[in-house]
Amino acid sequence: MKRKSNDRGLRVIFFYVLFCFFSDLIFSALIYSLHLNVSVYLRFRIFTIVEYCFLAAFLLIALKSIKIKRIILILSSIFVIISGIDLFTTKADTFDSVPVAIEAILIIIYCIYFLYEQIVTPTPKLIYASADFWVVVALLLYFCGTFFLYIYSQNYLGDSDFNKKYDIINSFFYILKNLILGLAMCVKAETRNSSISHSKRIEQAT
Amino acid sequence: MNLLQISTDASHVSTVLYFGTLGMLVLAIGLVIFIVFHQRRVIRYQMQLQHMEEEQQKILLNASIRWQEEERQRIAADLHDDAGPLLATARLYLNENLVNQDLSTQLQSIYNAKQIIDDTIQLIRNISHSLMPPTLKNFGLESAVNDLFQKISGSGSINASSRFHDYRHRLRPEQELLVFRVIQELVNNILKHSSASFIHVTQNYSEDKFFIRLHHDGRGITQQDYDRLNKSTLGLGLKNIQSRVKVLHGKIGFEKDLSQTYYKVTLEVPVEQLEVVS
């Protein structure tokens, strides 16, 4: 049961990574094919909502407490409403610092709760042998690292000096996040291989 | 002036951005490292605990095996030393020469042999009763404990009494036997080591739990002594108590009374409604 949910969680992360890689391509294709005059910031706004949905879905699968899952669902609904309001009320040519900051705070809180749950639930397995742990570490580092950057982006994005910093910091954490997510996939594969070889050994022994 | 203000503002933003990012990153990494090390420590502690539990189980198992062996040896000794010679003597009375003897000698021999066989029957009955007291089987724990205490009081050296406050429902037979054996072992220990002048046992039910409390005024042990003896290779009787309490899924507590005059042993056995036999 746990393995199934672990698989589902990683599948969500896999689609999230694919979405990150191809979002530029998808948005450009949509804008080009539909001849829309859409700013890059609108793309960011939509990206934030979709990204949050992917990550919240992963954490909903990874967390065990039903109560916390309900709270996440409620907070997610509030987040989507706030992002929607922000999408329609603020100027389209500005960076969506408010939704991004809320997203970062929420995801960081969920990640911390996930780690707390790992501590309080006694298990003989080491925490870093689980793929979920590495996904959570990736998300935690990414959102902690880019938190201040995204907050300042609403006012300073466009300034050439800030843009340089934005590119450096954002790229660094984006690459770091993807590297750790890749590690999570490797951990998963390793676990699966070892469990397959273990079951083979049992079969051979019997 | 304006240019200066913009450059100051930009440097302020850079400082906050770099320090903020660095601070958040350090916090996140610190948190992750703390979680990993904490979990490793918890796992190590759990493994130690498991190891200790396994050791304890091993000691209990050894004690249980030793106790069984001793019990077998005792039964074997009883049968060999008591029943064997008695039956051999009876056989001597009923030997082949009996038919060649006169009638009065024959009758005397048969009478003697009958006496010896009666004694042997009684002896075997005693051995059987020591294995499973018939009072316990037929009338329950209360009667068996009363019976035991009457015999002890009858010796005149110690005053033993019991009072069952709420024993309308009997425990399951195997539970009764285990509880009785624990009481027997405790009483044996008191008689052997404590120089007590009285033993008093009370029984009660509370919140689906069956309680047996045993008081005595001799030298006793506390919970610390009990735990220490259980971990050592000494104290076979106490280990038997521990293994029986474990089978009962119960608890046993040894303490000195608040008045510091009596020692108290409390046996607690969880009782589910299904387990109770009316």
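The values are calculated or read from the model by the stated rules, or taken from the named source; none is laboratory data. From a predicted model like this one, the values you see are computed outputs, not experimental measurements. Using ideal geometry, Cβ is built from the backbone for each residue, glycine included, and neighbour counts are taken over all protein chains shown.
Screening segment B:162-278 for strands (runs of 3 or more DSSP E) wholly inside it with 1 or more residues that are touching a residue at least 60 places away in the same chain (Cβ under 8 Å), of a type in the set (A, V, I, L, M, F, W, C) and under 27 Å from B:GLN150 (Cα atoms) returns the ranges B:209-216, B:251-256, B:263-270. Among the conditions (1) surrounded by 11 or more Cβ atoms within 10 Å (Cβ to Cβ); (2) over 28 Å from the mean Cα position of the chain (by Cα); (3) away from every other protein chain (no Cβ under 11 Å); (4) at pLDDT below 85, the only one that B:LEU4 does not satisfy is (1).
Of all the numbered requirements in (1) at pLDDT below 80; (2) within 11 Å of chain B (Cβ to nearest Cβ); (3) in a helix (DSSP H, G or I), A:GLU203 misses one, and that requirement is (2).
Conditions tested, residue by residue: (1) of a type in the set (S, T, N, Q); (2) over 29 Å from B:ILE183 (Cα atoms); (3) modelled with pLDDT under 90.
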position: B:ALA90; (1), (2), (3): no, yes, yes
position: B:GLN101; (1), (2), (3): yes, yes, yes
position: B:LYS114; (1), (2), (3): no, yes, no
position: B:ILE117; (1), (2), (3): no, yes, no
position: B:ILE124; (1), (2), (3): no, no, yes
position: B:SER130; (1), (2), (3): yes, no, yes
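For segment A:116-167, the set of residues classified as under 19 Å from A:VAL40 (Cα atoms) and small (Gly, Ala, Ser) consists of A:SER153, A:GLY158, A:SER160, listed by residue number.
Inside segment A:141-178, residues that are charged (D, E, K, R), touching a residue at least 12 places away in the same chain (Cβ under 8 Å) and within 11 Å of chain B (Cβ to nearest Cβ) make up a count of 1.
Across segment A:91-113, a minimum of one residue is classified as surrounded by 15 or more Cβ atoms within 10 Å (Cβ to Cβ), touching a helix residue (DSSP H, G or I) at 6+ places or on another chain (Cβ under 8 Å), at the interface with another protein chain (Cβ under 9 Å from one of its Cβ atoms) and farther than 19 Å from A:VAL12 by Cα. Exactly one residue out of A:ASP167, A:ASP161 is acidic (Asp, Glu), assigned to a helix (DSSP H, G or I) and either in contact with a strand residue (DSSP E or B) (Cβ under 8 Å, 6 or more places away or on another chain) or modelled with pLDDT of 85 or more (or both): that is A:ASP167. For the residues A:ALA138, A:ALA131, the requirement of being more than 10 Å from chain B (Cβ to nearest Cβ) and in contact (Cβ under 8 Å) with a residue 60 or more places away in the chain singles out A:ALA131. Among the residues of segment B:215-234, not one is over 20 Å from B:SER195 (Cα atoms) and in contact with a Ser or Thr (Cβ under 9 Å, 6 or more places away or on another chain).
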